[in-house]
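Here is the structure we will look at, set down as structure tokens.
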Amino acid sequence: MKLIEKRNRGLLMLAAVSLTILYAACTKSDPIAPLVLQDDQTATPMDNEVGIPQPDYKFLRTLAYVDEDGSKRSIFTYENDALVREDFIFVGLNAWSSQFEYNAQNRLEVQSLCSAEDITKVNGTDFECNQIFELRSYSYNNDKLGQYSSEKFDESGIVIFNESVTINLDDRGNIISELYNNSPNSSQNHSYIYTDQDNIRKKRVVYLPTNTTEEFTYEVDDGINPFYPLWQAFGYYRKPASDQTLLSPMFTPHNVTKVFVDNVLKLEVDYTYDPKGYPLLATFKRYINSGSFREGTISYTYSN
């Protein structure tokens, strides 16, 4: 409860949650030039700092996901060259807001999530969150992300679920392992192998305590992963295990076109790119059993 009170006091006053206003904001351009990765160019990791202009990056403004189960939309808000807010809209269901705070070294430290119904108007277009339903924290070792933690709360502020991910990175800033700890009796370990261009080539997952395994093999093109600039510039991190809007892990520079699980094709993606190599549209198929599949699309817009 003390943790929630501390973070509530520290929350910044943020822009209106009105979907109409948010949608209009999506078209606003930021003076940021695009990053172009050539086929033979290695993406060198950069410090995850904010408050400094990022001249090489072009940042996501909106993401719209559609499949047979419905649609989702994300809207990203930037202030002073930093990502400060992400709004999620589940069409026909609900909406919620994710708000970001940074530490003294300008690295992402806290991500506070609350439902749109718990965001109230203070004055003008300023809103604040009344009740946090999830708090995500980021810890660093030698300026590298070392742990991601999440706590979920009920309406009384009591923790009802928590998990943590211990993260190890190599000297180039690539994540080489993630240890998920969801409960005292359940965890999973992810380990990664990279190509010379820092793209993920293989991921091995070990599920504990059963010690069962899965091996993921990735094929990529030379387009720019739209989440990679967010990871590089701000330390933006999502759990790849449970997010369908991430066709490519955010910490791989280029876009995944095929994913094989234990040598069986599970995901296939085609992209339409802008002249700078950023995807505008992704059309995907998720293969299930007996050759059947589910189709969907993701469309992207950018801050410039």
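Looking only at residues of segment 163-198 that are part of a strand (DSSP E or B) and among the acidic types (D, E), we find that the one that is modelled with the highest pLDDT is E178. Restricting attention to segment 134-151 and to residues that are more than 17 Å from the chain's Cα centre (by Cα) and in contact (Cβ under 8 Å) with a residue 60 or more places away in the chain, the residue that is nearest to L108 (Cα to Cα) turns out to be D143. If you go through segment 275-285 and keep only what is in contact (Cβ under 8 Å) with a residue 24 or more places away in the chain and surrounded by fewer than 17 Cβ atoms within 10 Å (Cβ to Cβ), you end up with just K276. Of the residues making up segment 149-161, those that are part of a strand (DSSP E or B) and surrounded by 14 or more Cβ atoms within 10 Å (Cβ to Cβ) are S149, S150, E151, K152, F153. Would you check if there is a residue in segment 230-238 being at pLDDT below 90, crowded, with 22+ Cβ neighbours inside 10 Å and polar (S, T, N, Q)? There is at least one residue in segment 230-238 that is at pLDDT below 90, crowded, with 22+ Cβ neighbours inside 10 Å and polar (S, T, N, Q). Looking only at residues of segment 103-134 that are closer than 23 Å to K58 by Cα and crowded, with 16+ Cβ neighbours inside 10 Å, we find that the one that is modelled with the lowest pLDDT is N106.
The values are calculated or read from the model by the stated rules, or taken from the named source; none is laboratory data. Every value quoted in this text rests on a predicted model; they were computed, and no experiment measured them. Here the Cβ is made from the backbone with ideal geometry for all residues, glycine too, and neighbour counts use every protein chain on show.
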